[in-house]
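Right, one structure below, let's go through it.
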Amino acid sequence: MYKYLIKPLLFAMQPEKAHYFATGCLTFFSAIPGFLALIRSLYDFKHQKLERKLFGLTFKNPVGLAAGFDKDARWFNQLAHLGFGFIEIGTLTPKAQVGNDKPRLFRITEDEGLINRMGFNNLGAEDAIKRLKNRKTNIIIGGNIGKNTATSNEDALADYISNFKTLHDYVDYFVLNVSCPNVKGLTKLQDTPFLLELIKQVQIINKTKPKPKPVLLKIAPDLNDSQLDEIIGIVTQTKIDGVIATNTSIARDNLSTSKEKIDVIGKGGVSGIPVKNRSTEVIRYLSEKSNKAFPIIGVGGIHTAEDAIEKLEAGADLIQIFTGFIYEGPGLIKEINKAIIEKYG
């Protein structure tokens, strides 16, 4: 039904409008008695062998929703019924910000991808807490945090620390997002000295809490081998809980979409099929080079169950979908989980 009825309707709209239309419909219909039970029966595939235990948490299955879809923690209660094993909210910043000018989200359908330059548009961490306090599901929630665009890199540490403190009681794990290409200068924060200091300060605060939360680092697919070696060194040295590989890419290599269309779209991070192979390469490199020393959440170009298996075979412990969710619909979650059971028992 999604591919033949819902997707054509959504893809006839401007992408950002389609996003809010779809989530608005989900919210509306979820208020109708029996609707959530219906979508659970359609999409939620349960099997004990799908459970994954990582960094002190038990995930009911390894398929999560990546950050960026539910930036402000508006829809996680409804999305949980689609069969996800976990949902990552954000990226959240300390202060609300509108993000970059519209249009800022573009489909490149010839490549089954997206280009976005959203710019961390969100209502701020404090606002998200209002809804996180009203959790109606026990699904694992991750908090993806970043800095405000107006905050200089010299002052960025304070923004991450503020977010960490604000959200600590309301999410199950944290993701330090230092790799989004759509916030000016943010990727500079992947440099080793800043990361070491950021992780150190977060861990100091974490240890003062009655229940410390796992902390992961989200990295870009555009890092070279030398930079990936630095990431392995940072994770090993700091004993941070894991890595999410990868974010969107600034690369425009091997796209089927015309150069003219890409030039009209302009700047932004590419997601979907165009980053599939590179994200898998990064996962495999981190896993093999580190001798699987830390957990990896794999994300990037997962549009089929085979894509998901490929990420797991490369060394991912969990996976996340985003662009594939938009192109393939919620049935993808069930398809992946069933394929995992069929392959691994």
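The values are calculated or read from the model by the stated rules, or taken from the named source; none is laboratory data. Bear in mind that the values here come from a model prediction, so they are computed numbers and not experimental data. We place every Cβ from the backbone using ideal geometry, glycine too, and count neighbours over all the protein chains shown.
Selection of the stretch 13-26 for residues being over 17 Å from residue 112 (Cβ atoms) and among the aliphatic types (A, V, I, L, M) yields 13, 22, 26.
Which condition does residue 265 not pass, out of (1) out of contact with any Gly (no Cβ under 8 Å at 6 or more places or on another chain); (2) within 20 Å of residue 46 (Cα to Cα), if it passes all the others? Just one mismatch for residue 265, condition (2). Only residues that are within 18 Å of residue 176 (Cβ to Cβ), outside any loop (DSSP other than H, G, I, E, B) and in contact with a Pro (Cβ under 7 Å, 6 or more places away or on another chain) were counted across the stretch 90-132, and they come to 1. The single condition from (1) assigned to a loop (DSSP other than H, G, I, E, B); (2) surrounded by fewer than 22 Cβ atoms within 10 Å (Cβ to Cβ) that residue 67 fails is (2). In the stretch 14-30, the residues that are among the hydroxyl-bearing types (Ser, Thr, Tyr) reach residues that are modelled with pLDDT of 95 or more and surrounded by 13 or more Cβ atoms within 10 Å (Cβ to Cβ) with C-beta atoms within less than 6 angstrom, at least six apart or across chains, in these pairs: 23/75; 30/36; 30/78. Among the residues of the stretch 136-144, not a single one is among the hydroxyl-bearing types (Ser, Thr, Tyr), assigned to a loop (DSSP other than H, G, I, E, B) and in contact with a Ser or Thr (Cβ under 9 Å, 6 or more places away or on another chain).
Would you call residue 58 in contact with a strand residue (DSSP E or B) (Cβ under 9 Å, 6 or more places away or on another chain), outside any loop (DSSP other than H, G, I, E, B) and more than 14 Å from residue 138 (Cα to Cα)? The answer is no for residue 58. I need a count of the residues in the stretch 166-213 that are touching a strand residue (DSSP E or B) at 6+ places or on another chain (Cβ under 9 Å), hydrophobic (A, V, I, L, M, F, W, C) and over 11 Å from residue 146 (Cβ atoms). So the answer is 7.
Restricting attention to helices (runs of 4 or more DSSP H) lying wholly within the stretch 215-321, give those where 3 or more residues are within 23 Å of residue 51 (Cα to Cα) and among the small types (Gly, Ala, Ser). Lay out the reasoning, then the answer.
Working: elements: 225-238, 259-265, 276-289, 305-314.
Hits in the stretch 215-321: 305-314.
Determine whether residue 163 is assigned to a helix (DSSP H, G or I), crowded, with 20+ Cβ neighbours inside 10 Å and in contact with a strand residue (DSSP E or B) (Cβ under 6 Å, 6 or more places away or on another chain).
Working: assigned to a helix (DSSP H, G or I): yes; crowded, with 20+ Cβ neighbours inside 10 Å: yes; in contact with a strand residue (DSSP E or B) (Cβ under 6 Å, 6 or more places away or on another chain): yes.
Yes.
Could we say that residue 72 is free of Cβ contacts under 8 Å to residues at least 12 places away in the same chain and assigned to a loop (DSSP other than H, G, I, E, B) here? Steps first, answer last, please.
On the way: free of Cβ contacts under 8 Å to residues at least 12 places away in the same chain: no; assigned to a loop (DSSP other than H, G, I, E, B): yes.
Spelling it out, it is not the case that residue 72 is free of Cβ contacts under 8 Å to residues at least 12 places away in the same chain and assigned to a loop (DSSP other than H, G, I, E, B).
Restricting to the stretch 196-214, and then to whatever is of a type in the set (A, V, I, L, M, F, W, C) and surrounded by fewer than 22 Cβ atoms within 10 Å (Cβ to Cβ), can you tell me which residue is nearest to the chain's Cα centre (by Cα)?
We begin by selecting, within the stretch 196-214, every residue of a type in the set (A, V, I, L, M, F, W, C); these are 196, 198-199, 202, 204-205.
With the extra rule that they be surrounded by fewer than 22 Cβ atoms within 10 Å (Cβ to Cβ), the set shrinks to 196, 199, 204-205.
Values: 196: 22, 199: 19, 204: 25, 205: 24 Å.
So the residue we want is 199.
Selection of the stretch 296-345 for residues being basic (Lys, Arg) and more than 17 Å from residue 82 (Cα to Cα) yields 311, 343.
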